[in-house]
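All remarks here apply to the structure that follows.
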Ligand code: GTP
Ligand code: MG
């Protein structure tokens, strides 16, 4: 489903710019620098499809990719700290929230969480927003290549605990490394089941 089947469609800066809601849509949300764009690149096997960088706040638009005939993959700007002027950040944060709570065809939000840091209050805020909008979300741990197995266990326990009270949370957690390739086939298979 993924190889050679993903193309960049457009970057969106306002709700009015969203493409027609005629495909099943999944999005990648998470704090700035958590690895959203890198994960999209890793999933597709293309290094520079989505722009990734070490600067938090790299992605400043809602970036749409087509996946095959029936899906959109959506790379979102990060929330939390960003290396950009405050008015700019506030504008894209407002857009992000409007998108997450108002996109009819959004079937699942993957909420990415850094395996070293676990779920932060700002993640919980987004999860609560997704609960209210009745958008199913699934937690994806990123950068697992950077943690020891013992610390990964600790993060996993915290994440399970934090997810429990959220009615919109999908119970399975996917462990990934864009660097090493862990979890990519699981994530691809998961997306393929979303109709
Ligand atoms: P914003 O667009 O700023 O919100 O960030 P983002 O969530 O899209 O993060 P991005 O993909 O740009 O990655 C941020 C940094 O983390 C980059 O320096 C990546 O190389 C690094 N990174 C991403 N995924 C991994 C991973 O699995 N392992 C390691 N070691 N580094 C990673
Ligand atoms: Mg990004």
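Structure notes:
- Residue match in the range 158-177 (condition: at pLDDT 95 or above and within 16 Å of ligand 2 (Cβ to nearest atom)): yes
- Cβ pairs under 6 Å, 6+ apart, first in the range 70-81 and without any contact (Cβ under 8 Å) to a residue 40 or more places away in the chain, second near ligand 1 (Cβ under 8 Å from one of its atoms) and part of a strand (DSSP E or B): none
- Set 24, 44: member being under 23 Å from residue 188 (Cα atoms), under 15 Å from the mean Cα position of the chain (by Cα) and away from ligand 2 (no atom under 13 Å from the Cβ): 44
Rundown of residues vs (1) over 12 Å from the mean Cα position of the chain (by Cα); (2) modelled with pLDDT under 95, yes/no style:
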{"site": "53", "(1), (2)": "yes, yes"}
{"site": "72", "(1), (2)": "yes, no"}
{"site": "77", "(1), (2)": "no, yes"}
{"site": "80", "(1), (2)": "yes, yes"}
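- Spans of strands (runs of 3 or more DSSP E) in the range 3-107 with at least 1 residues surrounded by 16 or more Cβ atoms within 10 Å (Cβ to Cβ) and within 12 Å of ligand 1 (Cβ to nearest atom): 24-30, 62-67, 71-75
- Test result for residue 67, away from ligand 2 (no atom under 11 Å from the Cβ), within 30 Å of residue 161 (Cα to Cα) and in contact with a strand residue (DSSP E or B) (Cβ under 9 Å, 6 or more places away or on another chain): no
The values are calculated or read from the model by the stated rules, or taken from the named source; none is laboratory data. Note that the structure is predicted; figures quoted are calculated from it, not measured. Cβ sites come from the backbone with ideal geometry, for glycine too, and all protein chains shown count toward neighbours.
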